[in-house]
1. Across region 169-197, which residue is farthest from residue 96 (Cα to Cα) among those that are open to solvent by less than 30 Å² (accessible area, probe 1.4 Å) and part of a helix (DSSP H, G or I)?
2. Is it true that residue 123 is of a type in the set (Gly, Ala, Ser), more than 20 Å from residue 299 (Cα to Cα) and open to solvent by less than 60 Å² (accessible area, probe 1.4 Å)?
3. Tell me which residues, restricted to region 107-122, are touching a residue at least 40 places away in the same chain (Cβ under 8 Å), outside any loop (DSSP other than H, G, I, E, B) and within 21 Å of residue 168 (Cβ to Cβ).
4. I need the full set of residues from region 190-229 which are in contact with a helix residue (DSSP H, G or I) (Cβ under 7 Å, 6 or more places away or on another chain) and of a type in the set (Val, Ile, Thr), in order please.
5. Among the residues of region 173-207 satisfying the criterion of being touching a residue at least 40 places away in the same chain (Cβ under 8 Å) and of a type in the set (Phe, Trp, Tyr), which is nearest to residue 47 (Cα to Cα)?
6. Name the residues in region 35-51 that are open to solvent by 40 Å² or more (accessible area, probe 1.4 Å) and farther than 25 Å from residue 223 by Cα, would you?
7. With a cut-off of at least 1 residues that are more than 25 Å from residue 251 (Cβ to Cβ) and more than 14 Å from the chain's Cα centre (by Cα), name the helices (runs of 4 or more DSSP H) lying wholly within region 1-104.
8. Of everything in region 234-250, what is among the basic types (Lys, Arg) and touching a residue at least 40 places away in the same chain (Cβ under 8 Å)? Give them in sequence order.
Amino acid sequence: MSWLFFSIATAVLWGAAELFYKKGAQPNEKYSHLKICVWVGIVMGAHAIFTLLTQDINYNPINILIYLPVSLFYIISMAFSYFGMRFLEESISDPIENTAGVICVLLFALFMGDEFSWLTWVAVAVITIGVVGVSYLENRGDNHRKKSYGKKLAFVAFCMPFVYALLDAFGTFFDDAFFLVEDIANAPFVDVTEDTIEAVANTSYELTFALFALGLFIFMKAKKVKFGGVPQHKDKILAAVFETAGQFTYVYALGGVDAVAAPILSSVCVVSLLLSRIFLKEKLNWKTYVFIGVVIVGILLLAVSEEL
């Protein structure tokens, strides 16, 4: 039953990562979202180097370029997410971001001709209702974001979770459709086997994130942005550590019973919601909580439907 432990651990670790992402994304710190990207890149780069030193995956650096389109979808989506977190409650942003699974289902149905069960389409409908409800309540009148940041910035911030969901869904779509394929002979990677393909893909992604972080650091230095010392970035660093640790436990969680593990892994937004309420003291309108609950129910239904 170790897979059950790793499934729960993954949900908790990624939920904790969301909490510290939010704490590190300060609205009054102009480049806080870019600084988070830098720290995530540092930690992921360190993990990639650890993988190369401890695992015999016969890694060919050309795979960084081969996997670059997918890596960029994931990385840029996260950068948009960190920007939105500066102004938007985690209780709202995380459930919306987790609707990436719905977009991915639609992409596979539209472009790959995949057929899905009735439960999948019910889940899609439930999530859509929840997202529309949250959007309506957030934009029908004044809220504290409009008063604090202005209507334009409040609107842009609210759009960020949707941008994340769209880009992350495209990344997952290309990942599953063209890269992490069952027939290794059709995989575009160089020097991979059935046992190493996932490690090669993840290492390529992490090394790309590290290079992206280096580019952002140089950019901020050129802009004469004060980066500050390590103690000033403890929340950002903890977020990066929890994110990477969650990736590690996720691999072992996949070895379990899919119909049970999938909804547990998809419950990250539930963990994030609880942690945000407890530690960030976030409090939303009860109607908003109802629609967020609808979104979460839909996400869990989608996870179950994909594994039955």
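The values are calculated or read from the model by the stated rules, or taken from the named source; none is laboratory data. Not measured: the values here are computed from a predicted model. Note that each Cβ is placed from the backbone with ideal geometry, even for glycine, and that neighbours are counted across all protein chains shown. Protein only, heavy atoms only, side chains kept; ligands, DNA and RNA dropped before computing areas. Shrake-Rupley method; radii C 1.70, N 1.55, O 1.52, S 1.80 Å.
1. The qualifying residue farthest from residue 96 (Cα to Cα) is 197.
2. Values: of a type in the set (Gly, Ala, Ser): yes; more than 20 Å from residue 299 (Cα to Cα): no; open to solvent by less than 60 Å² (accessible area, probe 1.4 Å): yes.
No: the conditions fail for residue 123.
3. If we filter region 107-122 for residues that are touching a residue at least 40 places away in the same chain (Cβ under 8 Å), which is where we start, we get 107-108, 111-112, 116-117, 119-120, 122.
Now drop any that are not outside any loop (DSSP other than H, G, I, E, B), which leaves 107-108, 111, 119-120, 122.
Correct list: 107, 108, 111, 120.
4. 190, 192, 193, 197, 200, 203, 208
5. 205
6. Just the residues of region 35-51 that are open to solvent by 40 Å² or more (accessible area, probe 1.4 Å), to begin with: 42, 46-47, 49-50.
Across region 35-51, the qualifying residues are 46, 47, 49, 50.
7. Numbers: elements: 2-24, 32-54, 62-66, 68-85, 90-97.
Those helices (runs of 4 or more DSSP H) span 2-24, 32-54, 90-97.
8. Here is the first cut: in region 234-250, the residues among the basic types (Lys, Arg) are 234, 236.
Answer for region 234-250, where residues must be among the basic types (Lys, Arg) and touching a residue at least 40 places away in the same chain (Cβ under 8 Å): just 236.
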